[in-house]
Amino acid sequence: MSVFWTYRLKNSIGRRIKLFALSSGRKNVRRLSQKVKETESDNAFIPFMDVLKFRRNEARRSILVQVQSAQSFKELHSYCNSVGNIKQMLHYTVGVEPLNFIVVEFASEEDVTNVLERSSYVEDTQVVPVQSQFLWFRASNRKLPKLKQSKSAILNTENGNQCMKSPEIMNLLRNCDSVSEQMNVLYNSTKLNDLGTRLRFLTARQVENAVRGMFPKARAYPFGSSVNGYGKMGCDLDLVLRLCDDKIKNDARLMFHCKGLVGSERTASQRNMEAIGDLLQLFLPGCSQVRRILQARVPIIKYYQQLTDVECDLSMSNMSGVHMSDFLYIMGSLDPRIRPLIFTIRKWASEVGLTNSSPGRWITNFSLTLLVLAFLQKPINSKPILPSLNTLVKLAEPNDFYVTEDGINCTFLRDITKLKIPNGNNESLESLLIEFFEFYSQFDFASKAVCLNESVAITKPEHCALYIVNPLERGLNVSKNVSIEELDRFRVEARNAAWVLESQENKSENWGILSIFENKKKSNSVLNFAFSSKHGRLVEVSTLFEENTDKPIQYKNASVKKQIENIKNDTKDKLKEIQKINR
């Protein structure tokens with residue numbers, strides 16, 4: 001079986017989990033989870049750049065069509081099939097009303113060209129006549145008789161962009177048999193699916209086509225969570241636009257005339273970004289809420305693509321973000337436990353208020369991902385699962401050599417089938433989750449920095465609360481924004497989560513990972529001893545350790561009781577130090 005079809009089968013199984021497990025209960029969760037495991041065991045590794053190339057070609061062979069309803073696919077199939085050879089049709093909706101769309105994938109890019117040549121514009125002087133792969137299917141009338149509905153038409157996906165609601169996910173997790181199974185089900189029911197990936201590459205293709213007139217070699221590369229394997233349904237799309245990504249031809253005699261930059265390189269980049277922002281706002285259908293953030297370290301344009309229902313961040317910087325995505329993709333592909341572990345920890349951080357959708361002094365999902373990977377390089381009580389980045393650098397082959405125009409060395413082994421490092425770690429997902437919480441609840445953040453290049457903690461290069469070395473740009477701290485208060489909240493919540501998972505004996509309604517997702521603000525557990533709200537405000541030390549007289553604490557054994565007392569005393573001392581600093 002083709003590895004790409006295996007990938008699609010996995011996505012299909014994920015959708016079946018969503019559709020049937022709620023009604024069928026625990027039996028179907030087990031059966032479908034087992035099928036996911038079987039397909040994963042047959043799945044060969046595909047290098048990251050090959051995945052990007054495949055998806056980019058897939059977008060070139062596709063059009064996006066707004067239709068009246070999902071049932072319009074039969075008539076649309078009749079029309080499109082008279083022009084080209086249709087491979088797949090995938091339906092989704094946008095908005096409350098809702099608006100219906102179908103992605104039509106053809107067998108070749110030539111089929112798309114033929115379809116676009118037969119398409120037209122609306123007769124309205126108030127619109128800009130832009131040609132793109134985004135179209136709408138006009139209703140039949142006297143001049144346009146209704147087409148026969150194709151009997152061979154198949155709608156491969158219906159409502160393919162629907163995210164599962166939180167109560168539905170919680171119900172799935174309650175029906176699992178183990179914490180490890182819960183983590184796998186959470187991952188498979190929330191990860192970005194095949195249609196979501198297609199829509200993001202079509203969004204990138206629209207920007208790419210918009211500048212092709214002057215820049216025929218332009219490329220818009222998706223990076224970040226949309227492509228690195230850690231994206232969930234509804235995630236944002238990060239794009240880097242390259243006006244020319246071809247290598248210089250040293251043997252060429254004819255050279256293009258080009259304009260020189262006006263002002264500094266940064267000023268020129270900001271002006272170019274402003275022009276791209278105007279292009280998005282004035283000419284490209286579906287692009288709205290365009291915001292130019294040009295004074296940032298990396299100037300970006302934020303906008304919303306209404307037709308694909310995707311929030312976008314567009315930059316014109318170097319390719320280091322794409323290579324970082326490649327590195328994260330490789331690390332996540334080395335072991336099937338890694339991505340479910342990261343999804344669970346991100347979900348936990350969101351539920352207890354450690355992460356936030358807006359930028360600020362809190363930890364980000366990117367930083368959390370690097371913390372998980374660093375932990376897996378050198379766990380406390382088990383064998384390493386992941387190699388260091390330096391190991392991948394040493395094993396790099398000539399075709400793995402990449403250095404950006406800014407001099408950032410992005411050279412490392414891309415094909416992990418050539419990585420001959422044995423992995424003797426057979427711990428369950430549950431064990432790794434608990435070990436992660438224990439690892440960082442006692443990590444020396446005061447003097448040590450997290451470094452994936454070396455697989456060991458290193459001395460902090462500068463003073464800050466949390467220092468995570470950027471693996472590709474080693475002079476940068478990816479967590480420089482995190483405050484000391486937020487770091488302390490992270491450590492305390494990690495201790496809470498470890499204790500809750502280790503002390504569970506009997507299954508309650510919210511057992512396993514559900515117990516660490518509970519809103520701490522509503523919880524009356526004595527374990528919530530550090531902060532009284534999800535916003536991280538300090539409370540009076542005297543109120544932190546008041547015993548709940550209505551419900552006396554039942555400890556598992558004397559050892560657990562002593563452990564809790566030590567944690568309480570340690571936290572009390574730490575909070576006193578923080579209060580002295582703030583005074």
So if I average 1/r over every pair of distinct C-alpha atoms in the stretch 380-437 and take the inverse, what Kirkwood radius in Å does that give? 13.6
What is the spin-label model distance, in nm, from Asn506 to Asp570 if the labels are put 7 Å beyond Cα along the C-beta direction? 3.0
Using a 1.4 Å probe, what is the accessible area per residue for the stretch 130-211, in Å²? 48
Around Asn425 (Cβ within 15 Å, Cβ-to-Cβ, excluding Asn425; K/R +1, D/E -1) the net charge comes to -1
Cα Rg, Dmax, the stretch 123-277, angstrom units: 23.1, 69
Near-label residues of the stretch 204-222 by backbone N, under 18 Å of a point 7 Å along Cα→Cβ of Leu254: 214-217
Can you give the extra length, in nm with one decimal, that the chain gains between Lys561 and Lys480 once fully stretched, where that is 0.36 nm per residue apart less the Cα-Cα distance? 25.5 nm
Heavy-atom accessible surface of the stretch 319-380: percent carbon and sulfur, 1.4 Å: 54
In whole Å, what is the distance between the alpha-carbon centres of the stretch 440-516 and the stretch 171-220? 27
Before I look further, what does the stretch 344-486 give for accessible area per residue, probe 1.4 Å, in whole square angstrom? 44
Expressed as a percent, the accessible surface of the stretch 124-250 that is carbon or sulfur, using a 1.4 Å probe and the full set of protein chains, is 51
Within the stretch 380-478, report the GluC sites (Glu not before Pro) that DSSP leaves as loop and that have at most 12 other Cβ atoms within 10 Å. Glu405, Glu462
Evaluate E = 1/(1 + (r/R0)^6) for Val96 and Met214, where r is the Cβ-Cβ distance and R0 equals 45 Å; express this FRET efficiency to the nearest 0.05. 0.70
Among 376-385, 332-341, how do they line up from the highest to the lowest mean number of other beta-carbon atoms within 10 Å? 332-341, 376-385
Given 0.36 nm per residue, what is the gain on full extension from Glu110 to Asn159 after removing their alpha carbon distance, in nm? 14.8 nm
Place a point 7 Å from the Cα of Ala44 in the direction of its beta carbon; the residues of the stretch 409-431 whose amide N falls under 12 Å from it are 417
Measure of compaction for the stretch 135-216 (Cα Rg per 2.2 N^0.38 Å): 1.76
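The values are calculated or read from the model by the stated rules, or taken from the named source; none is laboratory data. Small disclaimer: the values here were computed from a predicted structure and weren't measured. Counting neighbours? That spans all protein chains shown, and the Cβs are built from the backbone with ideal geometry, glycine included. Protein only, heavy atoms only, side chains kept; ligands, DNA and RNA dropped before computing areas. Shrake-Rupley method; radii C 1.70, N 1.55, O 1.52, S 1.80 Å.
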